[in-house]
Amino acid sequence: MKSQESILPSLVDTYFMSRPNLELPRPKLAVFFLACSGSGKSTLRQQIINELGATYVCNDEVRELLADQSGAIRMGIELKEVVGQTRDRILSETPNRFIVYDNNISSYYMHDDSYLNVAKKSDIPQFIIGINLTEELLVQRIEARGLPLMNPLAEQLRHQRLAEDKLEPDFVITDPADSGLAIGALKTKLTSLSS
């Protein structure tokens with residue numbers, strides 16, 4: 001039977017090797033989202049990858065990877081271990097250090113081991129994008145996509161508002177059509193870090 005010590009490196013290697021744009025030279029920059037389910041995080045993440053050459057890590061993808069690996073969860077392998085070790089490999093082994101974290105940080109940002117606080121402790125510049133859509137629009141988008149809700153939407157919105165007051169996002173989207181403006185602001189930040 002395989003042990004956690006043998007499965008974890010294999011999972012990290014599999015996930016690391018599947019990351020896009022690893023060969024592109026990009027400066028250190030961590031992008032985070034304050035955004036509820038259905039707000040368009042993954043769509044915006046894909047635009048950032050395509051237009052600015054970022055790479056990314058995604059909690060949902062790692063959950064699927066863990067579910068596909070027989071016994072990984074039972075052995076105590078945690079999502080944050082796979083994401084953290086993948087992030088560390090990106091930062092140490094590739095020229096691309098521009099990482100988008102495709103998850104909502106509003107409920108976990110205050111913890112010492114949150115992705116945001118790890119970036120801060122490592123002196124990695126951060127760029128936080130808030131996606132503030134109305135509850136009505138979020139419900140429409142969630143229903144249209146048939147997305148499951150891990151937490152009730154009202155609770156997610158409450159956490160997001162509290163986090164926004166403390167974190168002050170670098171850019172706030174209030175209309176899905178504004179994603180191009182967010183990418184423009186992010187491009188400006190990336191250019192300033194490159195010079």
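The values are calculated or read from the model by the stated rules, or taken from the named source; none is laboratory data. This is a predicted model, so every value here is computed, not measured. Counting neighbours? That spans all protein chains shown, and the Cβs are built from the backbone with ideal geometry, glycine included.
Observations on the structure shown:
- At least 1 residues being more than 22 Å from Ala182 (Cβ to Cβ) is the threshold, and among the helices (runs of 4 or more DSSP H) wholly inside the stretch 1-108 those reaching it are 4-17, 59-68, 79-93.
- Only listed residue being of a type outside the set (D, E, K, R) and buried (at least 18 other Cβ atoms within 10 Å of the Cβ), chosen from Leu8, Leu22: Leu8
- Only one entry in Thr134, Thr188 is modelled with pLDDT of 95 or more, surrounded by fewer than 17 Cβ atoms within 10 Å (Cβ to Cβ), among the hydroxyl-bearing types (Ser, Thr, Tyr) and over 28 Å from Gln85 (Cβ atoms), namely Thr188.
- Qualifying residue in the stretch 59-82 (condition: crowded, with 16+ Cβ neighbours inside 10 Å and of a type in the set (Ser, Thr, Tyr)): no
- Checked against (1) out of contact with any His (no Cβ under 7 Å at 6 or more places or on another chain); (2) closer than 21 Å to Ile173 by Cα, Ser106 passes all but condition (1).
- Residue match in the stretch 171-180 (condition: within 17 Å of the chain's Cα centre (by Cα), part of a loop (DSSP other than H, G, I, E, B), hydroxyl-bearing (Ser, Thr, Tyr) and within 17 Å of Phe32 (Cβ to Cβ)): no
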